[in-house]
Amino acid sequence: MGTAGARVLPRLELADIVRAHGDAYCRAHRLAKVQHVALRAIAACRTATLGGHRETCDRCGAVRISYNSCRNRHCPKCQTLTKERWLAARRADLLPIPYFHVVFTLPHRLNALAQGNPRVIYTRLFRAAADTLLTFGHDSRYLGGTVGITAMLHTWGQNLSQHLHLHCLVTGGALTADRSRWIAGRSSFLFPVRAVSTVFRAKFLAGLHRAFDAGQLTFAGGTADLASRSAFAGFLGQLRTVDWIVYAKRPFAGPEQVLGYLGRYTHRVALSNDRLVDVRDGRVRFRWKDYADHDRVKVLTLEADEFLRRFLLHVVPRGFMRIRHFGLLANRTRRDTLTRCCDLLGHPPIDDAPPESVAGLMYRLTGLDVSRCPVCGEGRMQITAMVGHRAPSPDTS
């Protein structure tokens, strides 16, 4: 109840929309298995369907039932703890140097091809962007060594439209090939953006051409007319005639600002629950920021069917890694390489932090002690029983 006695309605969640309209959408459309899995997980998240446990206060006897999370990476309720643990691990990777933010964007003409070949297109995006940055880093006109890159795939725009782009965090310096010297970058951005854009376009299109020759691409629906070699060559030719957008931001002030940036861009989903306004009469309304109109926040209304179609555009293939590391941060040699960089920079390496418990994470993030009884405020909640899984109700609509 509110302060004036009015009833406080529960906050609208994506799961509510999926439970209300997901089954009808699945019957009307052909979905990939990973999209079916995402919808089922989101609908079941923190409900009796997934089971959970019963907690009892050791002082007043109050009982609380907590249901399990789905842990699907497309669920907006399941990213906070994962993100915070990932950020804690990244603290050990930060060097006492400037870092730069570069965004690589694919032309929208590639959207239809990406819908039928997401794994191929996304992989080519990662490789082209990383190869471009590494190439410029090795060029003695700019640095002459290996840079470190953390790249994060985003596939959406604010209105849930398809907008394929890669956010890259790049070290403001490089390690020489013989590992004997650290080369500091300039205070302004490291590389000329227009040249980076041109090289990125060439590398991506060359990779896409190789994928076609290797038979890795499938063509159907709106892309069926690209299946012939001549048609695909013409398509690549059209893409060569347009400017590809590469955007570079100013360097970050320090490690804490880097972590703040990573916290905003990693483990994001296409739409967070706090942007939802309401769902009624088969329509969903949500807030979005219109960057073309001075970043004004607007409300967009979509039919539930179109809303789910747009959301499912951003479900990535099973097992696909949306965050990848290259150069100095490549997983295979990262720890040894970063230790060497710290030695050259005269900076003691940061030890990996021990894993943090869920209760510890919640207390650090919110100041809330989840183990304390919410009723008496003095006792501790103890797990007294497990709650089994409950089969979802059959769809009778």
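The values are calculated or read from the model by the stated rules, or taken from the named source; none is laboratory data. For clarity, every value in this text was computed on a predicted model and none was experimentally measured. With ideal geometry, Cβ positions are generated from the backbone for all residues, glycine too; neighbour counts draw on all protein chains shown. Just the protein is used for accessible areas: all its heavy atoms, side chains included, with ligands, DNA and RNA removed. Shrake-Rupley method; radii C 1.70, N 1.55, O 1.52, S 1.80 Å.
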Query raised in the report: Out of these labelled values of mean projected area of the Cα convex hull in nm², (1) 20.3; (2) 39.4; (3) 25.0, which was calculated from the coordinates shown here?
Result: (3)
Query raised in the report: Considering lysine pairs in the chain that are 8 or more places apart or on different chains, how many have Cα atoms under 28 Å apart?
Result: 11
Query raised in the report: Put +1 on the Cβ of every Lys and Arg and -1 on every Asp and Glu Cβ in the chain; which of Val242, Thr150, Ala41 then has its Cα farthest towards the positive end of the dipole?
Result: Val242
Report summary line: So, relative contact order of the chain in percent, Cα under 8 Å, 6 or more apart, is 27 percent
Report summary line: Within the chain, the cysteines whose Cβ lies no closer than 4.7 Å to any other cysteine Cβ are Cys26, Cys168, Cys341, Cys342
Query - Heavy-atom surface of region 113-189, accessible at 1.4 Å and reported per residue (Å²) - result: 34 Å²
**Report entry** Fully extended contour minus Cα-Cα distance, from Ala195 to Asp274, at 0.36 nm per residue
**Finding:** 24.5 nm
Requested in this report: Could you please report the charge total around Ala151, scoring K, R as +1 and D, E as -1 over all other residues with beta-carbon less than 11 angstrom from its beta-carbon?
Outcome: +3
Query raised in the report: In the Gaussian network model of the chain, springs joining C-alpha atoms below 10 Å, which of Gln35, Gln238, Gln162 carries the largest mean-square fluctuation?
Result: Gln238
Query - Förster radius 51 Å - calculated FRET efficiency between Ala177 and Asp290, Cβ distance, rounded to 0.05 - result: 0.65
Query raised in the report: Quick one: helix 193-213 against the long Cα principal axis of the chain, what's the angle to the nearest 10°, folded into 0 to 90?
Result: 80 degrees
Requested in this report: Report the dimensions of region 38-82 along its three principal axes from the alpha-carbon atoms, largest first, rounded to Å.
Outcome: 39, 21, 10
Query - Loop-resident sites, region 204-291, for trypsin sites (Lys or Arg not before Pro), counting at most 15 other Cβ within 10 Å (DSSP) - result: Lys249
**Report entry** FRET efficiency, Glu306 to Glu378 (Cβ-Cβ, R0 56 Å, nearest 0.05)
**Finding:** 0.65
**Report entry** Ratio of the Cα radius of gyration of region 243-305 to 2.2 N^0.38 Å, where N counts its residues
**Finding:** 1.53
Query raised in the report: Which net charge results when you count Lys and Arg as +1 and Asp and Glu as -1 among the other residues whose beta-carbon is under 9 Å from that of Leu239?
Result: +3
Requested in this report: May I ask you to give the percent of accessible area on region 229-305 that is carbon plus sulfur, with a probe radius of 1.4 Å?
Outcome: 48 percent
Report summary line: The FRET efficiency for His209 and Val242, from their Cβ-Cβ distance with R0 = 22 Å and rounded to 0.05, is 0.85
